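Undergrad: Please read through the structure below; I'll follow up with questions.
The values are calculated or read from the model by the stated rules, or taken from the named source; none is laboratory data. Treat the numbers as computed from the prediction; the structure is a model and nothing was measured. Cβ atoms come from the backbone with ideal geometry, glycine included; neighbour counts cover every protein chain shown.
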Amino acid sequence: MITIESTEKRLTQYAHGGGCASKIPAGELEQMVSGLVGMSSPDLVVGLDDGDDACAVTFGPDGDVIISTTDFFTPVVDDPFDWGRIAATNALSDVYAMGGVPILGINILGWPRGVLPVELAGEVLRGGLEACRAAGIPLAGGHSIDNPEPIYGVAVTGRGHRDRLLRNDAAQAGLPLSLTKPIGVGVLNNRHKATGERFEQAIASMTTLNADAAQAALAAGAKAATDVTGFGLLGHLYKMCRASGVSAVLNHKAVPVLEGARESMAEGFIPGGSRRNLDWVAPHLEADLDENEMILLADAQTSGGLLIAGEVPGGTVIGELVPATSPVIRVR
């Protein structure tokens, strides 16, 4: 097995950003795709309009739907096998966040040939395969290119039912908000990139499938959910509130945080993507907290948990949804 010690630099040093923190900022992305919003088809059940995690199209006469998504990013950790597991787990999460069940994964790989050994790419792909095996699906084929920065991800196809989808636009005032994983991986990954320190708690969180969380949400009768990834808890919560026409009251003390994240922030390990997230959502916030606490709530997560409108076993209630004329997040 080849390790990163076989190369001149650590894997994360070959990328300008890492994981979902390398996403294009939310405001810029919405401007880019504005011409695609509102496109309709009689078979399209969920599209681009409300920023859902995946699209869904009707398949058959009984309300069955096919769910489709893709997700990829630059190295978030130095270990290539772990990066593959994390990237694939993150991609699978989009299907779970819609209330679906994955059925197939396809690799997406960009690799700097002649710079990093092909054996290292093999370890990344092996990690992706391991995550898909854990999800009970095949990972078959895909596409690769010669690329200046290493990138990896998976295109995932899933199945579901149109009456049992978890959507951004179905949250209702009066419901509690539940979060199924702690936040803070963006901060710890930023520290890992800078120092090489390995944070097992972050890797464990990022490689945990959201399958059980999705099933718990559906069993509890939830209709609305999203996964917390590159736009941070505040960003994804705002997108849900905006799509559903509600506001939220967030109890920041109830939000679970990974061990070491606050200490790392205090030492200056703050991802640029997390700051951009906070800047984007700031006009829709009512809060009087320390800046670091606000950045942590906006921290760009990779393979984060589900944010669910409703109380679910295994989740932590972090606030509630309230009526609104204009979506606002009140942080208490």
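Undergrad: Considering only the range 214-270, state which residues are of a type in the set (Val, Ile, Thr), over 21 Å from ARG330 (Cα atoms) and touching a Ser or Thr at 6+ places or on another chain (Cβ under 7 Å).
TA: Scanning the range 214-270 gives no hits.
Undergrad: Limited to the range 197-236, what total is found for residues that are within 14 Å of SER303 (Cβ to Cβ) and of a type in the set (D, E, K, R)?
TA: The total comes to 1.
Undergrad: Further question: Which number in (1) under 20 Å from the mean Cα position of the chain (by Cα); (2) not in a loop (DSSP other than H, G, I, E, B) marks the one condition that THR208 misses?
TA: (2)
Undergrad: Same structure again: Please return the ranges of strands (runs of 3 or more DSSP E) entirely within the range 219-327 where 3 or more residues are in the same structural domain as ASN190 (by TED's automatic domain parsing) and either farther than 30 Å from ASP82 by Cα or among the aromatic types (Phe, Trp, Tyr) (or both).
TA: Once the strands (runs of 3 or more DSSP E) in the range 219-327 are filtered for at least 3 residues that are in the same structural domain as ASN190 (by TED's automatic domain parsing) and either farther than 30 Å from ASP82 by Cα or among the aromatic types (Phe, Trp, Tyr) (or both), what remains is 246-250, 316-323.
Undergrad: I've got another one for you. Suppose we filter LEU218, LEU166 for residues that are buried (at least 23 other Cβ atoms within 10 Å of the Cβ) and modelled with pLDDT of 95 or more; which single one remains?
TA: So the residue among LEU218, LEU166 that is buried (at least 23 other Cβ atoms within 10 Å of the Cβ) and modelled with pLDDT of 95 or more is LEU166.
Undergrad: While we're here: In the set SER93, SER68, which member is closer than 14 Å to LEU209 by Cα and either in the same structural domain as ASN147 (by TED's automatic domain parsing) or in contact with a strand residue (DSSP E or B) (Cβ under 8 Å, 6 or more places away or on another chain) (or both)?
TA: Of SER93, SER68, the one residue that is closer than 14 Å to LEU209 by Cα and either in the same structural domain as ASN147 (by TED's automatic domain parsing) or in contact with a strand residue (DSSP E or B) (Cβ under 8 Å, 6 or more places away or on another chain) (or both) is SER93.
Undergrad: Here are some residues: ASP94, ASP146, ASP79. Which one is farther than 19 Å from THR12 by Cα and in contact (Cβ under 8 Å) with a residue 12 or more places away in the chain?
TA: The match here is ASP94.
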